[in-house]
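Peer 1: Input: one structure, supplied below.
The values are calculated or read from the model by the stated rules, or taken from the named source; none is laboratory data. Everything numeric in this text was worked out from a predicted model, so none of it was measured. Every residue, glycine as well, gets a Cβ built from its backbone with ideal geometry; the counts of neighbours run over all protein chains shown.
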Amino acid sequence: MRAFALADPYRVVIDLPQVNFRLPAASGGTGRGLIKAYRYGLVMPGGSRVVLELSGPAKITKADMLEAANGQPARMVIELGSVDRTAFVESLGVEKGPELRPAIGAADATSSVPHRIESPKLDAAKDDLRPVIVLDPGHGGIDNGTQSQSGVSEKALVLEFALALRDQMEKGGKYRVVLTRTDDTFIPLNDRVKIARAHSAALFVSIHADALPRGEGDAQGATIYTLSDKASDAEAQRLADAENKADAIGGVNLTEEPTEVADILIDLAQRETKTFSNRFAQTLMREMRSATRLHKQPLKSAGFRVLKAPDVPSVLLELGYVSNKGDLKQLVSEQWRTKTVGAVALAIDSFFAKRLVSAGKPD
């Protein structure tokens, strides 16, 4: 076991070897004392994580594993003591227990390529000239994403959709399809972008399912988002803020701030990328109209971190709202999924057909 504290918001992160959590679905939603709530799940193959959300600054005073004895099961014991902000900041980085091997992302925010990308596969693909499409099923592992009142989680819905889309696209043999995750694993936002860039992706499609908080009305239909510094409306800003907190939910924020010079270079590269992203978003909207219900404003933009690869056209597709009964009925329907997967695949075909034609035209 390895335990450490994080600030803003106050959290305690506990890393463990892979654990099969057998807790009721509602576990962790509430707490008591210093602990407001907690989350748990897989963060990498072989590694699990528990994140305790704290009501204020606290120090880890004890972190031990007790073996089964005297009729009692094995136990994990974490003792916390309330401290002031100054003492909390001074205690950051003092970790209890051995570090997991392979190290979970918290230990290394500087690696340029996530451990999930295997270089032999990249080397083997160098002679394959087909466009690379990266599908990014959102959330996963410790991060459930949104959840319906009946307990259906976004992370499961979008993974099923992404796997079906991959299978559909691979049948045609036109593309190499890469998924950021193929199982219930937490992938930090920055790693998702790195996967796209490491594979020199020609297109990145992040797949999600939204939910409106209680009391904020009802919304329905699919929405397609592109990157923008300024959100197209308040709902787009709300969603971007929520999605950008995914790393905090996982326990560690792995944001890498570029230098001022890098900012300029990134801006230059993003201009063309944004044009292609917007073009694909338009194409995707047209194809999806025949397959599924769209939001009243189907094209929106906001500052999603997962769309910030400067050289990879990227969109974020919200398949619908798990908070809407009609949308949820579709999202769990295999018939709907097959039809909508077909529409997305057609949009990708149309997008690349137009790009090839444009590339072939003389200046």
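Peer 1: Picking from Ser55, Ser91, Ser82, which residue would you name as being surrounded by 12 or more Cβ atoms within 10 Å (Cβ to Cβ) and either in contact (Cβ under 8 Å) with a residue 60 or more places away in the chain or of a type in the set (A, V, I, L, M) (or both)?
Peer 2: Ser91
Peer 1: In the range 288-309, which residue that is crowded, with 21+ Cβ neighbours inside 10 Å and farther than 21 Å from Gln147 by Cβ is farthest from the chain's Cα centre (by Cα)? Write out each step before concluding.
Peer 2: Going through the range 288-309, the residues crowded, with 21+ Cβ neighbours inside 10 Å turn out to be 288, 300-302, 304, 306-307, 309.
Narrowing the set further to residues that are farther than 21 Å from Gln147 by Cβ leaves 288, 300-302, 307, 309.
On the way: Met288: 23, Lys300: 19, Ser301: 17, Ala302: 16, Leu307: 11, Ala309: 14 Å.
Filtering first and then ranking leaves Met288.
Peer 1: Which of the residues belonging to the range 11-20 are touching a strand residue (DSSP E or B) at 6+ places or on another chain (Cβ under 7 Å) and under 15 Å from Gly46 (Cβ atoms)?
Peer 2: Across the range 11-20, the qualifying residues are Asp15, Leu16, Pro17, Gln18, Val19.
Peer 1: If you take the residues in the range 148-160 that are crowded, with 20+ Cβ neighbours inside 10 Å and out of contact with any helix residue (DSSP H, G or I) (no Cβ under 6 Å at 6 or more places or on another chain), which one is farthest from Asp218 (Cα to Cα)?
Peer 2: Top of the filtered list is Leu159.
Peer 1: Kindly provide the set of residues from the range 323-337 that are in a loop (DSSP other than H, G, I, E, B), surrounded by fewer than 19 Cβ atoms within 10 Å (Cβ to Cβ) and of a type in the set (Gly, Ala, Ser), ordered by number. So that I can check it myself, show each step before the final result.
Peer 2: Within the range 323-337, the first condition is being in a loop (DSSP other than H, G, I, E, B), and the residues that meet it are 323-324, 332-333.
Now restrict to residues that are surrounded by fewer than 19 Cβ atoms within 10 Å (Cβ to Cβ): 332-333.
Within the range 323-337, just Ser333 meets the criteria.
Peer 1: Please verify whether Ser232 is of a type in the set (Ser, Thr, Tyr) and more than 30 Å from Gly326 (Cα to Cα), treating the condition exactly as stated.
Peer 2: Values: of a type in the set (Ser, Thr, Tyr): yes; more than 30 Å from Gly326 (Cα to Cα): no.
No.
Peer 1: A further question on this structure: Output the number of the condition that Pro45 fails; it satisfies all remaining conditions of (1) crowded, with 19+ Cβ neighbours inside 10 Å; (2) at pLDDT below 90.
Peer 2: All conditions pass for Pro45, except number (1).
Peer 1: Of everything in the range 1-22, what is exposed (fewer than 12 other Cβ atoms within 10 Å of the Cβ) and more than 16 Å from Ala74 (Cα to Cα)? Give them in sequence order.
Peer 2: Answer for the range 1-22, where residues must be exposed (fewer than 12 other Cβ atoms within 10 Å of the Cβ) and more than 16 Å from Ala74 (Cα to Cα): Asp8, Pro9.
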